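Data first, discussion second: the structure below is written as structure tokens.
The values are calculated or read from the model by the stated rules, or taken from the named source; none is laboratory data. All of these numbers come straight from a predicted model, not from anything done at the bench. As a convention, Cβ positions derive from the backbone with ideal geometry for all residues, glycine included, and neighbour counts pool all protein chains shown.
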Amino acid sequence: MPTRTDKLGWIGIGRMGYAMAERLAKAGCDLTVWNRTAEKAQPLAQSGAKVARLLPDLAAKDIVFVMVSTIDDVKEVVGKLLSGPDKPRLIVECSSISLEGSAELRKILAEKNIQYLAAPVSGNAKVIKAGKLTFVVSGPKPAYEMARPYLDLMGTGSSYVGEGELARIAKICHNVMLGVVIQNLCEITVLAEKAGMPRHAFLDFLNKSVMGSMFTRYKTPALVNLDFHVTFTPKLLRKDLDLGLDAGCEFEVPMPLTSLTRDLLQQMIGQGMTEEDFSTLLLMEAKASGVELKPENVKVGDGLS
Ligand SMILES: NC(=O)c1ccc[n+]([C@@H]2O[C@H](COP(=O)([O-])OP(=O)(O)OC[C@H]3O[C@@H](n4cnc5c(N)ncnc54)[C@H](OP(=O)(O)O)[C@@H]3O)[C@@H](O)[C@H]2O)c1
């Protein structure tokens with residue numbers, strides 16, 4: 001049963017958007033979704049969502065969620081959303097975008113008297129399915145209270161960090177850590193293997209240790225069995241590291257590890273490794289170490305299912 005009766009709109013049924021919208025639909029919310037590539041949205045009808053043909057059809061909803069890729073995409077879809085006479089009460093923008101882009105959007109929406117929350121997320125599609133997505137949110141507190149029950153339906157809840165674009169900084173910091181941690185995880189996994197131990201045995205130890213985390217656990221199957229089915233692309237990660245470096249520049253904070261990680265990721269992207277998961281950084285590290293990796297074909301848990 002829905003906890004609230006607002007009419008919800010959803011723009012962007014990609015890897016993340018699909019899984020998030022599906023949770024709202026399955027919870028019984030009054031949800032209408034739109035995706036540029038319409039066929040990706042169709043299966044959500046089976047979960048109870050309505051599928052809109054045109055983007056402005058979502059404008060009369062109470063709350064519209066946005067989950068696309070970059071700030072340019074966000075501006076494009078919001079522009080089309082508001083191209084008709086209707087406007088929603090609140091827009092909740094969940095994509096990972098810059099501080100400046102988010103502030104620009106806030107200004108555009110304020111001029112139209114539309115409330116706006118910056119609400120980026122932590123977790124991939126599998127994490128969403130496991131009910132473990134988290135949001136970091138900033139903007140007016142009353143708008144947060146309006147959106148909160150729906151955010152709760154999509155995962156384990158949200159952290160409200162204050163006014164304006166503060167959530168963007170929190171998310172950028174989070175994804176900088178994601179980049180640096182995956183690079184380091186790949187380095188130590190290759191080191192352990194080259195020294196003579198199976199990857200699954202090393203990662204089993206790491207995951208049980210104080211250094212283990214939900215992230216190291218759910219990346220373990222990829223690193224052990226070389227399953228690089230994409231959860232997050234190298235280019236999206238590069239975008240986030242660039243956002244982190246820009247923020248470091250703006251606030252005059254040196255970020256040497258971020259810089260180095262960004263360059264290592266760039267080497268991978270430059271070699272055309274763009275279509276698989278960002279954890280293919282493991283293959284780069286192995287190549288640089290003269291190690292030929294093979295899938296271990298060992299059943300290892302991801303800590304999610
Ligand atoms: N994947 C993750 O693990 C993860 C985790 C946290 C945050 N994020 C962030 O979440 C956002 C979405 O990531 P994702 O992995 O879901 O990406 P994705 O699978 O590539 O999906 C992107 C979505 O945006 C739509 N889109 C992009 N540009 C558009 C445009 N100009 N006009 C209309 N629609 C447009 C795409 O529509 P089409 O289907 O038509 O292409 C698709 O629905 C990104 O900002 C990403 O950084 C991702």
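Go over the candidates Ser209, Ser138, Ser159 one by one and state the one that is within 30 Å of Leu283 (Cβ to Cβ) and not aliphatic (A, V, I, L, M). First the steps, then the outcome.
On the way: Ser138 fails: within 30 Å of Leu283 (Cβ to Cβ); Ser159 fails: within 30 Å of Leu283 (Cβ to Cβ).
Only one candidate qualifies: Ser209.
Restricting attention to region 53-82 and to residues that are part of a loop (DSSP other than H, G, I, E, B) and in contact with a Lys or Arg (Cβ under 7 Å, 6 or more places away or on another chain), the residue that is nearest to the ligand (Cβ to nearest atom) turns out to be Thr70. Starting from residues that are more than 16 Å from Lys107 (Cβ to Cβ) and at pLDDT 95 or above, keep the ones in region 70-84 and report whichever is surrounded by the most Cβ atoms within 10 Å (Cβ to Cβ). Looking at residues that are more than 16 Å from Lys107 (Cβ to Cβ) and at pLDDT 95 or above, I get Leu81. Ala286 meets each of the listed conditions (1) assigned to a helix (DSSP H, G or I); (2) within 23 Å of the chain's Cα centre (by Cα) apart from (2). For region 111-129, the set of residues classified as surrounded by 19 or more Cβ atoms within 10 Å (Cβ to Cβ), within 15 Å of the chain's Cα centre (by Cα) and more than 10 Å from the ligand (Cβ to nearest atom) consists of Ala118, Ala119, listed by residue number. Residues that are within 15 Å of the ligand (Cβ to nearest atom) and in a loop (DSSP other than H, G, I, E, B) within region 85-97 comprise Cys94, Ser95, Ser96, Ile97, listed in sequence order. The residues in region 98-119 that are touching a strand residue (DSSP E or B) at 6+ places or on another chain (Cβ under 8 Å), part of a loop (DSSP other than H, G, I, E, B) and closer than 29 Å to Phe232 by Cα can be counted, and the count is 1. Total residues in region 47-69 satisfying the condition of being more than 16 Å from Lys171 (Cβ to Cβ) and either buried (at least 22 other Cβ atoms within 10 Å of the Cβ) or not small (Gly, Ala, Ser) (or both): the figure is 13. Among the residues making up region 215-245, those that are in a loop (DSSP other than H, G, I, E, B) and within 11 Å of the ligand (Cβ to nearest atom) are Val230, Thr231, Phe232, Thr233.
Do we find that Lys132 is within 16 Å of the ligand (Cβ to nearest atom), closer than 12 Å to Met16 by Cβ and among the charged types (D, E, K, R) in this structure? Steps first, answer last, please.
Working: within 16 Å of the ligand (Cβ to nearest atom): yes; closer than 12 Å to Met16 by Cβ: no; among the charged types (D, E, K, R): yes.
Spelling it out, it is not the case that Lys132 is within 16 Å of the ligand (Cβ to nearest atom), closer than 12 Å to Met16 by Cβ and among the charged types (D, E, K, R).
Restricting to region 222-257, and then to whatever is within 23 Å of Gly123 (Cβ to Cβ) and small (Gly, Ala, Ser), can you tell me which residue is surrounded by the most Cβ atoms within 10 Å (Cβ to Cβ)? So, considering only residues that are within 23 Å of Gly123 (Cβ to Cβ) and small (Gly, Ala, Ser), the one surrounded by the most Cβ atoms within 10 Å (Cβ to Cβ) is Gly244.
Restricting the search to region 145-175, which residues are outside any strand (DSSP E or B), away from the ligand (no atom under 16 Å from the Cβ) and over 13 Å from Ser102 (Cα atoms)? Can you show your working first?
At the first step, the residues of region 145-175 found to be outside any strand (DSSP E or B) are 145-156, 163-175.
With the extra rule that they be away from the ligand (no atom under 16 Å from the Cβ), the set shrinks to 145-150, 152-153, 163-164, 166.
If the condition is that a residue be outside any strand (DSSP E or B), away from the ligand (no atom under 16 Å from the Cβ) and over 13 Å from Ser102 (Cα atoms), then Glu145, Met146, Ala147, Arg148, Pro149, Tyr150, Asp152, Leu153 are the ones that fit.
Scanning region 135-144 for any residue that is within 16 Å of the ligand (Cβ to nearest atom) and at positive phi turns up nothing. Leu245 fulfils the conditions (1) over 19 Å from the mean Cα position of the chain (by Cα); (2) free of Cβ contacts under 8 Å to residues at least 24 places away in the same chain except for a single criterion, (1). Considering (1) at pLDDT 95 or above; (2) closer than 22 Å to Gly123 by Cβ, the lone condition that Gly272 does not fulfil carries the number (2).
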